[in-house]
Amino acid sequence: MAQFGDYLEDIKKSLIQYYFRVTLLDKDENEIRELTDDIIDGTLNISFQNGSRRTASIKFVNLDNKYTLSPNDDKIWFDNKFKIETGIINDGVEVLFPQGIYVIGEPNLSNNYNSESTTTFELYDKFSYLDGTISGKLENTIYIEKGKNVVTVMEELFQIADDDSIQIAYDIKPLIPEANSFTAPYSFYVDKGQTYFDAMNELCEAIGYTVYFDEEGYPRFEAIINPENEPPVVTFKEDDILKSSLNSRYEVNKLKNSIRVEGITWDDGITHDANAEQTTGSVSISRIGRRSEFIGDDVIYNDTLAQQRANYELDQSTSISETLNISFFPVDNLDVGRVIQVTDSRIGISDGRFQVRQINLPLRKNTQASIDGQRTIEIGV
């Protein structure tokens with residue numbers, strides 16, 4: 001596979017063609033056949049979040065009921081999956097990047113007698129088997145014990161889920177990182193009727209980790225990316241031909257200068273609380289008025305923890321998030337969580353570092369992609 005730097009040089013050339021490929025898979029993710037030639041429209045969305053990150057919508061021309069759902073061997077059925085790749089053709093050579101493995105959501109068949117019959121598939125990544133979208137609701141309560149290795153816990157959750165649904169097929173892929181020293185910081189239950197993802201997400205939020213399926217359909221369980229430690233993957237300059245439009249907005253509604261935190265000790269019912277306020281500087285209460293936030297957290301069991309949480313939340317809330325949207329020729333090796341660097345003097349950005357929060361890629365020719373990136377501007381002093 002070509003290096004990313006070479007790929008960027010390729011897409012700046014004039015004699016290139018944006019390209020994508022969609023392949024039908026069986027339940028064990030073996031390739032059956034390519035579907036690309038029958039696609040007339042489609043989009044792929046990637047969001048930076050725990051759990052399901054990737055969704056797609058693809059419209060096929062449904063000639064001779066080729067894309068009408070059927071359990072027959074030559075048709076598409078609910079045990080099939082889809083593999084999506086995007087990239088370019090440069091001088092006859094394909095440069096493709098994997099964009100995920102997907103399962104079938106809602107099919108939509110349409111027959112307009114003035115045009116051709118079509119089928120649109122809404123597709124989800126494999127977390128839809130774990131978060132209740134397709135399956136994954138618990139029939140029994142799961143108990144996570146304080147002090148247990150978190151990787152062991154996550155492996156067991158995937159194993160239990162795989163026993164319930166063979167279509168996860170996680171065991172044919174590398175699972176999660178090698179065991180580390182993190183343990184569950186407290187015990188908790190996930191009740192029946194909730195989902196496997198509820199248990200996984202509770203564990204992730206407790207230790208600052210994330211769990212998701214990546215671009216190759218592999219389960220990942222890893223520390224959340226710190227954008228301050230990440231070098232930029234792509235640099236967009238003011239005269240860069242990759243960039244066609246750029247919009248910036250500030251999320252001022254999230255600015256808070258007064259935080260109250262409350263917790264409780266369950267065995268005696270004592271409430272533990274603390275306050276933190278911004279009393280000086282450009283966003284102080286005296287200058288812009290009180291903008292308050294209340295946080296209740298049952299995990300907080302003493303006043304010290306309450307004050308620490310209040311101080312932390314105030315520090316986070318006296319910053320402003322700037323969100324940047326860029327429309328551009330698709331850069332297919334860019335993933336959410338990574339950092340881009342942007343310079344555009346017309347809107348006052350010079351070497352701004354933004355963490356990518358969302359990507360929209362077209363599954364059609366001659367169409368632009370878009371990125372939503374975010375950075376934090378410290379104004380609380």
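Residue under question is Asn360, and the condition is that it be under 29 Å from the mean Cα position of the chain (by Cα), surrounded by fewer than 20 Cβ atoms within 10 Å (Cβ to Cβ) and not in a strand (DSSP E or B); does it hold? Before the answer, list the steps.
Working: under 29 Å from the mean Cα position of the chain (by Cα): yes; surrounded by fewer than 20 Cβ atoms within 10 Å (Cβ to Cβ): yes; not in a strand (DSSP E or B): no.
So Asn360 fails the test.
Going residue by residue through segment 279-294, is there one that turns out to be out of contact with any Asp or Glu (no Cβ under 6 Å at 6 or more places or on another chain), under 27 Å from Pro231 (Cβ atoms) and charged (D, E, K, R)?
no
Scanning for something in contact with a helix residue (DSSP H, G or I) (Cβ under 7 Å, 6 or more places away or on another chain), at pLDDT below 85, closer than 28 Å to Arg353 by Cα and part of a loop (DSSP other than H, G, I, E, B), does segment 212-226 turn up at least one residue?
no
Return the total of residues in segment 248-279 being closer than 20 Å to Ser317 by Cα and either small (Gly, Ala, Ser) or in contact (Cβ under 8 Å) with a residue 60 or more places away in the chain (or both).
Step one: of segment 248-279, the residues closer than 20 Å to Ser317 by Cα are 248-263, 273-279.
From what is left, the residues that are either small (Gly, Ala, Ser) or in contact (Cβ under 8 Å) with a residue 60 or more places away in the chain (or both) are 248-252, 254-258, 263, 274, 276, 278.
Total meeting the criteria: 14.
Among Arg290, Arg309, which is of a type in the set (Lys, Arg) and not in a loop (DSSP other than H, G, I, E, B)?
On the way: Arg290 fails: not in a loop (DSSP other than H, G, I, E, B).
Going through Arg290, Arg309 in turn, the sole match is Arg309.
Take segment 317-340 and flag every residue that is more than 22 Å from Ile224 (Cα to Cα) and charged (D, E, K, R).
Once the filter is applied, which keeps residues that are more than 22 Å from Ile224 (Cα to Cα) and charged (D, E, K, R), segment 317-340 yields nothing.
Only one of (1) crowded, with 16+ Cβ neighbours inside 10 Å; (2) in contact (Cβ under 8 Å) with a residue 40 or more places away in the chain; (3) not charged (D, E, K, R) is not met by Gly352, so which one is it?
Just one mismatch for Gly352, condition (2).
Quick check: is even one residue across segment 231-247 within 20 Å of Tyr312 (Cβ to Cβ) and either in contact with a strand residue (DSSP E or B) (Cβ under 6 Å, 6 or more places away or on another chain) or surrounded by fewer than 13 Cβ atoms within 10 Å (Cβ to Cβ) (or both)? Steps first, answer last, please.
If we filter segment 231-247 for residues that are within 20 Å of Tyr312 (Cβ to Cβ), which is where we start, we get none.
The answer is no; no qualifying residue exists.
So, in segment 25-59, how many residues would count as being within 16 Å of the chain's Cα centre (by Cα) and either at positive phi or in the same structural domain as Val211 (by TED's automatic domain parsing) (or both)?
So the answer is 1.
Scan segment 296-318 residue by residue and report those that are surrounded by fewer than 16 Cβ atoms within 10 Å (Cβ to Cβ) and over 30 Å from Phe213 (Cβ atoms).
Residues of segment 296-318 that are surrounded by fewer than 16 Cβ atoms within 10 Å (Cβ to Cβ), as a first pass: 296-299, 302-304, 308, 311-312, 315-316.
Gly296, Asp298, Asn302, Asp303, Thr304, Gln308, Asn311, Tyr312, Asp315 - these are the residues of segment 296-318 that are surrounded by fewer than 16 Cβ atoms within 10 Å (Cβ to Cβ) and over 30 Å from Phe213 (Cβ atoms).
I'd like to check which strands (runs of 3 or more DSSP E) are fully inside segment 228-275 and have at least 2 residues that are among the charged types (D, E, K, R).
On the way: elements: 234-236, 243-250, 258-265.
Result: 243-250, 258-265.
Being free of Cβ contacts under 8 Å to residues at least 24 places away in the same chain and among the β-branched types (Val, Ile, Thr) is the requirement here; does Val151 meet it?
Numbers: free of Cβ contacts under 8 Å to residues at least 24 places away in the same chain: no; among the β-branched types (Val, Ile, Thr): yes.
When the stated conditions are applied, Val151 does not pass them.
The values are calculated or read from the model by the stated rules, or taken from the named source; none is laboratory data. Just so it is clear, the model here is predicted, and its values are computed rather than measured. Ideal geometry is used to build each Cβ from the backbone, glycine not excepted, and the neighbour counts take in all protein chains shown.
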